[in-house]
Amino acid sequence: MESVIKLKLTLDEESQRVLQGQSRICNWLYNRLLEKANVLKEQYVKEQNEDIAKILYSKRGLRNLIPAMKSDHPFLKSVHSSPLKNVGLRLSDSIQAYQKSRKGLRKGKQTGWPRFRPNKVKPFSLLYDEPGKGFKVS
C-alpha cells in the first residue's frame with residue numbers, strides 16, 4: 001500500500017539556493033532535450049529513420065541522451081542523477097501523450113507538442129524516485 005504525506009519544507013538559505021539551482025539546471029536540461037527532440041522530429045519526418053524514432057518516441061530514448069550531455073556540460077553533475085533522469089522521462093511522457101492524442105488513443109482533451117519551460121514562471125520539481133538517495137529529512 002502506498003501512502004502520501006504532505007510536509008511543509010522549511011529550509012535555510014543555503015539549502016534553498018541549492019534546491020533552486022538544481023531546479024534551474026533541470027529546467028535547462030528539459031529545454032535542451034526538447035530542442036534535441038524538435039530536431040529529431042524534423043529529421044524523422046524527412047527520413048522516416050527507425051533509429052531516430054527509437055530515441056524520440058520510446059520511453060527511455062531521451063533519458064539515455066543525458067549521460068553524454070554530462071560530459072559536455074559538467075555542471076549537470078551537481079544534480080543527483082535521479083532528478084536528471086526524470087527530466088528525460090517527463091519529456092518522453094509528454095511526447096507519448098501527444099502521439100496518443102494525435103491518434104485518438106488518449107482520453108480527455110487533445111494535447112500539443114511539449115513547449116519550452118521558462119525559468120522564472122514555475123520552478124521545475126525535483127523528483128527523487130530512488131529510495132534513500134538525494135535527500136535526508138531530519
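The values are calculated or read from the model by the stated rules, or taken from the named source; none is laboratory data. The model shown is predicted, which means the values in this text are computed figures rather than measured ones. Every residue, glycine among them, receives a Cβ derived from its backbone with ideal geometry; neighbour counts consider all protein chains shown. Ligands, DNA and RNA are stripped out before the accessible areas are found, and what is left, the full protein with its side chains, is counted by its heavy atoms. Shrake-Rupley method; radii C 1.70, N 1.55, O 1.52, S 1.80 Å.
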Exercise. Just one of the numbered conditions (1) more than 19 Å from PHE124 (Cβ to Cβ); (2) without any contact (Cβ under 8 Å) to a residue 24 or more places away in the chain is not true of SER15; which one?
Worked result: (1)
For this session: May I ask you to verify whether PHE124 is in a loop (DSSP other than H, G, I, E, B), within 21 Å of GLN20 (Cβ to Cβ), open to solvent by less than 40 Å² (accessible area, probe 1.4 Å) and not small (Gly, Ala, Ser)?
Result: yes
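Can you tell me which residue in segment 35-88 is farthest from ARG115 (Cα to Cα), limited to those that are part of a loop (DSSP other than H, G, I, E, B) and in contact with a Lys or Arg (Cβ under 7 Å, 6 or more places away or on another chain)?
Checked segment 35-88; the qualifying residue farthest from ARG115 (Cα to Cα) is HIS80.
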Exercise. Of the residues in segment 54-66, how many are surrounded by fewer than 17 Cβ atoms within 10 Å (Cβ to Cβ) and out of contact with any Leu (no Cβ under 9 Å at 6 or more places or on another chain)?
Worked result: 3
Exercise. Could you list, in sequence order, the residues of segment 54-88 that are of a type in the set (A, V, I, L, M, F, W, C) and closer than 12 Å to LEU29 by Cβ?
Worked result: LEU62, LEU65, ILE66, MET69, PHE75, LEU76, VAL79, LEU84, VAL87
Exercise. Of all the residues that make up segment 9-43, how many are open to solvent by 100 Å² or more (accessible area, probe 1.4 Å) and within 30 Å of ILE95 (Cβ to Cβ)?
Worked result: 2
Seminar exercise, completed: Per the list (1) in contact (Cβ under 8 Å) with a residue 12 or more places away in the chain; (2) surrounded by 15 or more Cβ atoms within 10 Å (Cβ to Cβ), residue check on ARG106 breaks on (1)
For this session: Determine which member of the set LYS77, LYS46, LYS6, LYS100 is out of contact with any helix residue (DSSP H, G or I) (no Cβ under 9 Å at 6 or more places or on another chain), within 23 Å of LYS122 (Cα to Cα) and open to solvent by 80 Å² or more (accessible area, probe 1.4 Å).
Result: LYS6
